[in-house]
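Structure, as structure tokens:
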Amino acid sequence: MTIKRIGSLAGVLLLTMGLAACGSSSKKSTATTSTSSNGASGTVSGAGSTFAAPVYEQWASQLSPLTVNYQAVGSGAGITALASKTVDFGASDPPLKSAEEAAIAKNGSPPVQIPMFLGAITVSYNLPGVKTGLKMEGKTIANIWLGKITHWNDSELKALNPGVSLPSTTITVIHRSDSSGTTAGFTSFLAAVDPEFKSKVGSGKDVQWPTGTGAKGNAGVAGAVAQTTGAVGYVEQAYALQHNFTYAAVKNAAGNFVAPSLASTTAAAAGIVVPANLGFAIVNPKGAEAYPLTSQTFIVVNKDLCKAGIPGGESAAKGVGKFISYGLSSAGQSVLAQADYAALPAAVLSKSTAAAASLQCNGASLGA
């Protein structure tokens, strides 16, 4: 299997996947009570996380003929689209808040958030002559995004990196402009380690940044960093690698400076406590080898997709079930390392698989 690197993710990703059994290919605007289809084909629509988009592209490319129109518009917009029944599934990095759960449940069936995989959020910088691995503490990163550190040769950065020749280049801060799960993961870490950041900015998908330039999506932030000497931005690791970025080694809760990698992202998931609704969040993990800016990501649907009025009807419900099932299978999880993401720990994967198996269409199991 050839793994493609990321292209433009700003618009709709046409994700094609093939399923063993095929049924009706007509896309319906409302749920149907028909049970004549014994498989999945046609079109499925989804929206949300840009963090997860490269993986969804790879999963879908292994399967056909079901086409998934996935809009990488950010986690916040994805949950809004699901609640308003304009897409068949949503994708979000942070777990659902109670208000979001209530909004989705108004469709006629409770929401189910299914953990799919993990990834690293990098602090990527465009600083010619400075190699990857520049050491940063959480407070240092917070001070950059608070606008308190404005040049690369600031004394705080120099103290953390003795022997590194840091230029006097002005720091150009890049942040997300859309409602973003990557922002939620990034700010949750900074709020956890720096009281000033917590009080002035806080955490979540949408925050008021005191400085910097906004860009839409992981792809937008990556593009802005790539085009601006002296820039720094937070992007998922796959985007950083696609742009050949240099990125920081971040001090973790154990006091170690750790670079983002498959191993350190996996280590961050050790000991995860998963609540009954599966809505966990990794924030500043304690492991000695854990990368502190690690994020989870979820697919979100109504438990009974057809009773909730899934836009694509029964055919789309079956397609969503098959897509989730493939992603959680050994084949789907094996794609992750090749795309620079980490698989779920076995204990979490088993809960995700059980949640997928519980999905229904008009009371009947989807067989996911």
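See the values below:
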| quantity | calculated |
| --- | --- |
| Contact order normalised by residue count of the chain, Cα under 8 Å, 6+ apart, percent | 25 |
| Accessible area, probe 1.4 Å, largest first, for residues Asp206, Asp194 | Asp206, Asp194 |
| Mean Cβ count within 10 Å, highest first, over the residues of peptides 127-135, 335-343 | 335-343, 127-135 |
| Summed residue charge, Cβ within 13 Å of Gly76's Cβ, Lys/Arg positive, Asp/Glu negative | 0 |
| In Å², nearest 10: area of His175 left accessible to a 1.4 Å probe | 20 |
| Space enclosed by the convex hull of the alpha-carbon atoms of segment 306-367, per residue, Å³ | 90 |
| Anisotropy class of the chain from Cα gyration tensor, a/c 1.5 cut | prolate |
| Where Leu305, Leu241 fall by accessible area, highest first, once all protein chains stay in place (1.4 Å) | Leu241, Leu305 |
| The chain - share of DSSP beta bridges that are antiparallel (%, nearest 5) | 65 |
| Long-range HN-HN contacts of Phe257 with modeled amide H, under 5 Å | Asn252 |
| Sequence of Val273, Val348 from largest to smallest accessible area, 1.4 Å probe | Val273, Val348 |
| Shape call, segment 58-99: gyration tensor on alpha carbons, a/c limit 1.5 | prolate |
| Relative contact order %, segment 215-368, counting alpha carbon pairs below 8 Å whose residues are six or more apart | 20 |
| Centre separation in Å (Cα based) which lies between segment 293-346 and segment 106-136 | 18 |
| Under-5 Å amide H pairs with Thr213, H placed in peptide plane, nonlocal only | Val173, Ile174, His175 |
| Formal net charge of residues neighbouring Pro210 (Cβ-Cβ distance under 10 Å; K, R +1; D, E -1) | +2 |
| Ile324 accessible area, 1.4 Å probe, all protein chains in place, Å² to nearest 10 | 0 |
| Residue-normalised accessible area of the chain, expressed per residue, 1.4 Å probe, Å² | 37 |
| Per-residue SASA entry for Trp209, accessible area with 1.4 Å probe, Å² rounded to 10 | 40 |
| 0 to 90° range, to nearest 10: angle between helix 181-193 axis and the chain longest Cα axis | 40 |
| Table column - 3J(HN,Hα) (Hz), segment 266-282, Karplus curve with 6.51, -1.76, 1.60, x for Gly and Pro | 4, 4, 5, 8, 4, x, 4, 9, 9, x, 4, 8, 6, x, 8, 9, 8 |
| Accessible area of the chain belonging to carbon and sulfur atoms, whole % at 1.4 Å probe | 52 |
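The values are calculated or read from the model by the stated rules, or taken from the named source; none is laboratory data. This one's a predicted model, so the numbers in the text were calculated from it and none came from an experiment. As a convention, Cβ positions derive from the backbone with ideal geometry for all residues, glycine included, and neighbour counts pool all protein chains shown. When the accessible area is computed, the model is the full protein with side chains, heavy atoms only, and any ligands, DNA or RNA have been set aside. Shrake-Rupley method; radii C 1.70, N 1.55, O 1.52, S 1.80 Å.
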